[in-house]
Each structure stands twice: as structure tokens, then as C-alpha cells.
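**Q** The structure follows.
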Amino acid sequence: MTEDKTMSKFKLITDGLVKNNPTFVLLLGMCPTLATTTSAINGLSMGLATLFVLVLSNMAISAIAPVVPDKVHIPVYIVVIATFVTLLQLLMQAYTPAMYETLGLFIPLIVVNCIVLGRAEAFANKHGVLESACDGLGVGLGFTCSLTVLGLVREILGSGSVFGYNFIGGNDGMLAFVMAPGAFLCLGYLMVLFNKFLKKN
Amino acid sequence: MVTVLGLTCLLCSAILGGAYVLTKEPIDKAAAQKTNQALSQVLPPFTDVEYNEEGRYYTAKDAEKLVGYAIESTTVGFGGALSLIVGVTPDGVVYNTSVLSHSETPGLGAKCTTDQKFMSQWKGFNPAVKKLTVTKDGGDVDAITASTITSRAYALAVENALTKFNEIAGQAGNDGGQDNE
């Protein structure tokens, strides 16, 4: 019984990573995906920031869902999500000021990231706290991985470096990949590869 | 319904209020550290520093002797405001420059904070000898590759800072301020 339960929780996490991958399968949260992935480290930190909010808001919402009347559930969820985002913003400003400056506007914009409210509506308000935490973790990790991979590809092609470590020395790389058109191109091709791989299995 | 919404808001604002109080000190510390770091980067070693809020510049002294001014200067770059802090020694030579904030394109104009070749040319830039415009416009400033607009804005910000330096130095009755036009 307990083994079965842990299995299902494990499945919740892997589902978020692969089958319900927010970027490559559900196509949610495209705005921060395209905008913050100019380098692998930026993508990774944006993903982790979203993961933090997603896990906590999923847990809080699943805990309060039974007592929240249907009519006001959206405003209540938004207040909860906004609280966690502001909390994250204050913490980042205090302890990782450099990262806070790089991601800037996209941190407060996590409030309106459809992944967060989407998981609250589709999962957290129908499930227990622990399951919701696992779901948040899975989807958050899926988002983090996608953003890191996308950032990595764009950084290799655009700046010729990996996590800020330059490997072609002095060369500038293909600048288009650092800018918006490259973001769309990379995302498109990665999506094709991901779905091809997914179908095979 | 109203109770739930009201209670949620109350609880959330209480949490945020608490978090604000707890993080205020580290945030202020981080901001102060950033300013200090920028100052020590753009000025020769100093012991005392004083901020002139009206003119947005710092006066740095080493044991009562004036070692330079750090002048804040903002221009419009490619993606928005480009804010620099420019350290100028009393003889009107740029000691060094540092970017306070910018919104340039990552990988292009944003290189103004990482490109060693571009950044190092400001060290000891003497406006009496060199022309403060990019080479494309007939000056002596090497622009960042593919980021002429950012480089122009950077040069303009330095020029504005130097103009301000002349005003400050003129007011202070300092004979170090030469006419660099």
C-alpha cells in the first residue's frame, strides 16, 4: 500500500517532467521561456524561481481549497500566488541581488504565469497537500529542465559558451540565437525533437 | 465568501509584512555593497566619501586630500536607460567607469558590462588627448562589435559626466578642470 503510494507520487513527478512537460507538451508559460533563456544559467534560475512558487502555491492552495467558496476561488488563488512571488522577490533581492537584476521583470511576472494558476486549478484544488507538492515539483522541474536546455542551446549557438564558460574563445557566435528570432527557432526545433522522442517511447 | 477572501488577504499581507521586515536589512546591505563596490572600482583608493544628492555625484577624499569624483550619468541606450558611474580624478582624466544599471540586449549591448576590450579603454581615458566618440563617428572609442548604439550611449554618458565634472570642479575653485570641448 505504502509502496503503491510512493510509486504514484514518483509518477506525479516524472509526469510533470515528461508527459505533462509545461514547455514542450502543454506549451504554457511561453513568455518567460522565450525571454529569459538567453543563457543556460538564466534559464536555470528562472526555472528554479518558478519551481519555488509552484510547489509552495500548490501546497497552500490544496490546503485551503476545501474552505474557499467557488465564487471567489480565483481571487484567493491569485492572492496566494502573488504572496509567494513577492516573498521570492524579496528573498532574491536580499540574497542573490545579481540574479535578481538579470531576471528583473520576469520574477514579478511569475504571478501571471499560466503554469502556476493552471496547476492550482487543474490539480491542487482537487488533491491532497503532499500530492500537490509532488505535482508542483514535477511540473516545476519539467519547466526548469526545458528552460535550461533551451538556454544551453541558445548559449552554445549564440555566444559560444556553456554556463558562461566560453569554449571558442573570442568568437561571438551566431548573434541571432541570443535574440528573439533565435528563441522561437530553438524552441520550435526542441519541441519537434522532444515530441518525436516521446512518440517513440 | 467575504470572510474567506478577507482572511486570505489579511494572512498574506501579514506574511509579506514580516518578510519585508526580515529582508530589509540584507537588501539595504546588498545595495550599499553594490555602491561601494562600484565606487572602489571607479576611484583611486580613498578613505572618505560624501554623496551630493542634488548633483548625483560622490566626492572621494583620501585623508582630506581630494582624489576624485564619482559621477552618476544616465543616457538612453538601445533598450532603455543606461546608467553609469564615472570616476574622474581632479586633473580631468577618467579613472574608470562602471555600469550601474542597463537594459541592453543580452549578448549584444549587454556586453558593455563584460567586454574587457571595451571596458578597459575607459581606464585613464584623457579627454584632452582622445576624442570621446566611437571610431565610426571619427572618435577614439572602440565600439562593441554590433553594438554601436550602446557604445555611443556609453560615450555620451561619459561625456556628460565630464561636463558635470567641469561644473563641479569650476564651482569648487579647482584649477584641475580643463576645457575639454
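Bear in mind these aren't lab numbers, they're just calculated from the coordinates by the rules spelled out. Bear in mind the structure is a predicted one, so any value in this text is a computation, not a measurement. Using ideal geometry, Cβ is built from the backbone for each residue, glycine included, and neighbour counts are taken over all protein chains shown.
**Q** Let me see the P(r) profile for the protein assembly as shown: every Cα-Cα distance counted, bins of 20 Å, each bin given as a percent of all pairs.
**A** Going from the shortest bin to the longest, the percentages are 24, 45, 26, 5, 0.
**Q** OK, next. Which net charge results for the neighbourhood of A:VAL25, defined as the other residues with beta-carbon distances under 13 angstrom from its beta-carbon, given Lys and Arg at +1 and Asp and Glu at -1?
**A** +2
**Q** Got a sec to turn the phi values of segment B:85-97 into Karplus ³J(HN,Hα) couplings, 6.51 cos²θ - 1.76 cosθ + 1.60 with θ = phi - 60°, whole Hz, x for Gly and Pro?
**A** So the Karplus estimates, Gly and Pro as x, are 10, 10, x, 10, 7, x, 7, x, 9, 5, 7, 6, 10 Hz.
**Q** Kindly state, to the nearest 0.05, the FRET efficiency for A:PHE163 paired with B:THR113, given R0 = 30 Å and r defined as their beta-carbon distance.
**A** The pair A:PHE163/B:THR113 has a calculated efficiency of 0.95.
**Q** Then there is this: Which of rounded, prolate, oblate describes segment A:113-201, given a ≥ b ≥ c as roots of the alpha-carbon gyration tensor eigenvalues and a/c under 1.5 marking rounded, otherwise prolate only if a/b is larger than b/c?
**A** prolate
**Q** Can you tally the net charge around A:GLY188? Count Lys and Arg as +1, Asp and Glu as -1, for every other residue whose Cβ sits under 14 Å from the Cβ of A:GLY188.
**A** +2
**Q** What are the ³J(HN,Hα) values, in whole Hz, obtained from phi via the Karplus relation 6.51 cos²θ - 1.76 cosθ + 1.60 with θ = phi - 60°, for each residue of segment A:103-110 in sequence order, with x given for Gly and Pro?
**A** So the Karplus estimates, Gly and Pro as x, are 7, x, 4, 6, 5, x, 6, 4 Hz.
**Q** If you don't mind, there's one more thing I want to ask. What per residue convex hull volume, in Å³, comes out for segment B:82-181 when only alpha-carbon positions are used?
**A** Dividing the Cα hull volume of segment B:82-181 by its residues yields 83 Å³.
**Q** Then there is this: Amide H of B:VAL67: which non-local residues (sequence gap of 5 or more, or other chain) have their own amide H closer than 5 Å, using H built in the peptide plane?
**A** Answer set, sorted by chain and number: B:ALA60, B:LYS61, B:ASP62.
**Q** What distance in nm separates the two pseudo spin-label positions at B:GLU25 and B:THR145, each 7 Å out from Cα along the beta-carbon direction?
**A** Placing both labels 7 Å beyond Cα along the Cβ direction yields 4.8 nm.
**Q** If I take every Cα pair under 8 Å that is 6 or more residues apart in segment B:32-90, average their sequence separation and divide by the length, what percent do I get for the relative contact order?
**A** Computed value for segment B:32-90: 29 percent relative contact order.
**Q** Ok, one more. Report, to the nearest 10°, how far helix A:40-64 tilts away from the longest principal axis of the Cα atoms in chain A, using its own Cα long axis and a range of 0 to 90°.
**A** 10 degrees
**Q** Related question: With springs only between Cα atoms under 10 Å, which of A:ILE74, A:ILE110, A:ILE156 fluctuates most in a Gaussian network model of chain A?
**A** A:ILE74
**Q** Relative to the longest principal Cα axis of chain A, at what angle does helix A:73-95 sit, 0 to 90 degrees, rounded to 10?
**A** That helix lies at roughly 50 degrees to the long axis.
**Q** Under a 5 Å amide H to amide H cut-off, with H placed in plane at 1.01 Å, what residues pair with B:VAL134 once short-range neighbours are removed?
**A** B:GLY139, B:VAL141
**Q** Which residue, A:GLU131, A:GLU101, A:GLU121, has the most motion in a Gaussian network model of chain A that connects Cα atoms within less than 10 Å?
**A** Between A:GLU131, A:GLU101, A:GLU121, it is A:GLU101 that shows the largest mean-square fluctuation.
**Q** Okay, next question. Once you have a ≥ b ≥ c as the square roots of the Cα gyration tensor eigenvalues for chain B, tell me rounded if a/c is under 1.5, and otherwise prolate or oblate according to whether a/b is larger than b/c.
**A** oblate
**Q** Taking a cut-off of 29 Å between Cα atoms, list the lysines near A:LYS196, but don't count ones fewer than 8 places away on the same chain.
**A** In chain and number order, the partners are A:LYS9, A:LYS11, A:LYS19.
**Q** With a point put 7 Å past each Cα toward its Cβ, work out how far A:LEU130 is from B:LEU10 in nm, to one decimal.
**A** Using points 7 Å along Cα→Cβ, the separation is 3.2 nm.
**Q** Let me ask something else about it. Name the most mobile residue of B:ASP140, B:ASP28, B:ASP91, meaning the one with the largest mean-square fluctuation, in a Gaussian network model of chain B with Cα contacts below 10 Å.
**A** In this elastic network of chain B, the residue with the biggest mean-square fluctuation among B:ASP140, B:ASP28, B:ASP91 is B:ASP28.
**Q** Additional query: Can you list the lysines whose alpha carbon sits under 28 Å from that of B:LYS117, skipping same-chain ones fewer than 8 residues off?
**A** Answer for B:LYS117, where 28 Å is the Cα cut-off: B:LYS34, B:LYS130, B:LYS131, B:LYS136, B:LYS164, listed by chain and number.
**Q** How well do other chains shield peptide B:31-40, expressed as the mean number of their Cβ atoms within 10 Å of each residue Cβ?
**A** 1
**Q** Non-local amide H neighbours of B:GLY77 (under 5 Å, H modeled in plane, Pro and chain starts lacking H): which ones?
**A** Distant-sequence amide H within range of B:GLY77: B:LEU82.
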